[in-house]
Amino acid sequence: MSRRIHVIGPFNSGTNLIHNVIKNSECIDLTTNNPVTIGGIHEPFGKHIMTIKTINNYLDNNNNLLIIMYKNVYNWIYSIKKECYDVKYSKLFLPVELYGKNFPNMVELYNYYYINYMSILNKYSNVVFLDYEKVIQKNESYDYINNALRKINIFISSKSKFDIQLMTKAKSHGNSVKTADEAAQKFNKNQKMVKTFINKHNNLKRSIKNQLITFYE
């Protein structure tokens, strides 16, 4: 039986980029050398929706694999400010709503995602996470991703196709960057900007969870 992989994460965390990389760079099962199936119209659940029971049911089958995309809180908030999609808010430090759930501020919405993802990662062996910051480092990205994917026994076999995907715009919506190079060039500047903003708002600063930074970084 061919193995199936799904990519999840909050909005603007790099899910489209990794989906395209897996789909178009000859990702194979290291045990059988069979292609790994991803995406299409039969995705098992929404990639941005936190449905723990559905995710658990999916991962209970060892042939089902999961990649969780991690983006640090500062760069994620910058991305949400640029394009919020279904996230409803007026100010980052005021209450936020997503799919009928309410959160005191934008950092707490971020915490909701990554605390739940952390519990999934601790429970299952057929799931890994990728750090967006490391994914967009062109010279190290291929080795970094494959080292992570080996934990679930899969491998991206075509580096040439991988390089093309990394330098291709991941999506046509959301005012996204055009290449990983462009993303990397802006990353540190955007992070510094948001850190300064958060340090001026005590409720956001108090919401930052060092346990998440320690776990994912």
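Looking across the range 52-69, the residues that are closer than 16 Å to residue 152 by Cα and surrounded by 22 or more Cβ atoms within 10 Å (Cβ to Cβ) come down to 65, 66, 67, 68, 69. Among the residues of the range 3-51, those that are under 19 Å from residue 158 (Cα atoms), among the polar types (S, T, N, Q) and in a loop (DSSP other than H, G, I, E, B) comprise 25, 31, 32, 33, 34. If you go through the range 140-147 one residue at a time, do you hit one that is aliphatic (A, V, I, L, M), more than 23 Å from residue 56 (Cα to Cα) and touching a residue at least 12 places away in the same chain (Cβ under 8 Å)? Yes, some residue in the range 140-147 is aliphatic (A, V, I, L, M), more than 23 Å from residue 56 (Cα to Cα) and touching a residue at least 12 places away in the same chain (Cβ under 8 Å).
Rundown of residues vs (1) in contact with a Pro (Cβ under 9 Å, 6 or more places away or on another chain); (2) without any contact (Cβ under 8 Å) to a residue 40 or more places away in the chain, yes/no style:
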| position | (1), (2) |
| --- | --- |
| 97 | no, yes |
| 107 | no, no |
| 114 | yes, no |
| 122 | no, yes |
| 132 | no, no |
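Scanning the range 97-155 for residues that are out of contact with any strand residue (DSSP E or B) (no Cβ under 8 Å at 6 or more places or on another chain), over 25 Å from residue 183 (Cβ atoms) and either among the aromatic types (Phe, Trp, Tyr) or surrounded by 21 or more Cβ atoms within 10 Å (Cβ to Cβ) (or both) returns a single hit, 99. Only residues that are assigned to a helix (DSSP H, G or I) and of a type outside the set (A, V, I, L, M) were counted across the range 126-162, and they come to 18. On inspection, residue 215 passes the criterion of being surrounded by 13 or more Cβ atoms within 10 Å (Cβ to Cβ), in a helix (DSSP H, G or I) and among the aromatic types (Phe, Trp, Tyr).
Filtering the range 65-82 for residues that are closer than 19 Å to residue 145 by Cβ, of a type in the set (A, V, I, L, M, F, W, C) and assigned to a loop (DSSP other than H, G, I, E, B) leaves an empty set.
Values quoted throughout were computed directly from the atomic coordinates according to the rules given, and no laboratory measurement underlies them. Note that the structure is a prediction, hence the values are computed from the model and not measured. A quick note on method: Cβ atoms are made from the backbone with ideal geometry, for glycine too, and the neighbour counts reach across all protein chains shown.
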